[in-house]
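The values are calculated or read from the model by the stated rules, or taken from the named source; none is laboratory data. All of these numbers come straight from a predicted model, not from anything done at the bench. Here the Cβ is made from the backbone with ideal geometry for all residues, glycine too, and neighbour counts use every protein chain on show. What goes into the accessible areas is simple: the full protein's heavy atoms, side chains included, and nothing from ligands, DNA or RNA. Shrake-Rupley method; radii C 1.70, N 1.55, O 1.52, S 1.80 Å.
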Amino acid sequence: MSDRIPMKLVGIRIELPTNTPILLLKEQEGDRYLPIWINTPEATAIAIARDGVVPDRPLTHDLLAAVIAELGGTVRDVVVTELRGGTFFADLTVVAGSDVHVISSRPSDAVALAVRVDAPLYAERAVLDEAGVHISDETAEQEIERFREFLEDIAPEDFAPGHDQ
């Protein structure tokens, strides 16, 4: 069985100077953060849902949530399962009656859906061990500075195009 760590959504941050959005998750019971570089449309979808904004017409992730519910399903959880070649992978688990469906997903899409349906977020321990950033007992300002330093040490080639697919 997997070794899952409960996570919480910290939010979306922007890496400067490239203005690349970063999905930032944090251990619920620890001090590690998991930064995942994502695309702008998914970052917007996550931010809109997190802020409680209800669009006039459903966005793609709203539509997916409505379809799952209409078919009698629920999103049980989202798990960031793997980091391979700079690309994060996630599983979205949907339960419909006695059927359990595990669907491979980009973490950004899975989190955008999870925020809409209040589904729990997890990361495999191995992913956190590899890509987690430790930040402990520091003020918010110190946390931000440490995260910026972390970002400065990452080379663009570490996260090739398609990193979240």
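Among E42, E15, which is the only one that is among the charged types (D, E, K, R) and touching an Asp or Glu at 6+ places or on another chain (Cβ under 7 Å)?
Numbers: E15 fails: touching an Asp or Glu at 6+ places or on another chain (Cβ under 7 Å).
Going through E42, E15 in turn, the sole match is E42.
Would the stretch 42-63 turn up any residue that is in contact (Cβ under 8 Å) with a residue 24 or more places away in the chain, of a type in the set (S, T, N, Q), within 19 Å of I103 (Cα to Cα) and touching a helix residue (DSSP H, G or I) at 6+ places or on another chain (Cβ under 8 Å)? Even if it seems obvious, please write down each step before you answer.
Going residue by residue through the stretch 42-63, those that are in contact (Cβ under 8 Å) with a residue 24 or more places away in the chain are 42-43, 45-47, 49-50, 61-62.
Then keep just the ones that are of a type in the set (S, T, N, Q); that gives none.
Scanning the stretch 42-63 turns up no residue that is in contact (Cβ under 8 Å) with a residue 24 or more places away in the chain, of a type in the set (S, T, N, Q), within 19 Å of I103 (Cα to Cα) and touching a helix residue (DSSP H, G or I) at 6+ places or on another chain (Cβ under 8 Å).
When you go through (1) free of Cβ contacts under 8 Å to residues at least 12 places away in the same chain; (2) β-branched (V, I, T); (3) under 18 Å from K26 (Cα atoms) one by one for V78, which number turns out not to apply?
The number of the failed condition is (1).
Report, by residue number, each residue of the stretch 73-119 that is crowded, with 22+ Cβ neighbours inside 10 Å, in contact with a helix residue (DSSP H, G or I) (Cβ under 6 Å, 6 or more places away or on another chain) and either at pLDDT below 95 or of a type in the set (G, A, S) (or both).
Answer for the stretch 73-119, where residues must be crowded, with 22+ Cβ neighbours inside 10 Å, in contact with a helix residue (DSSP H, G or I) (Cβ under 6 Å, 6 or more places away or on another chain) and either at pLDDT below 95 or of a type in the set (G, A, S) (or both): A90, S108, A112.
At least 3 residues that are open to solvent by 80 Å² or more (accessible area, probe 1.4 Å) in each: list the strands (runs of 3 or more DSSP E) lying fully within the stretch 1-65 that qualify. Quick ask: steps written out before the conclusion?
On the way: elements: 4-15, 20-27, 32-37.
So the answer is 4-15.
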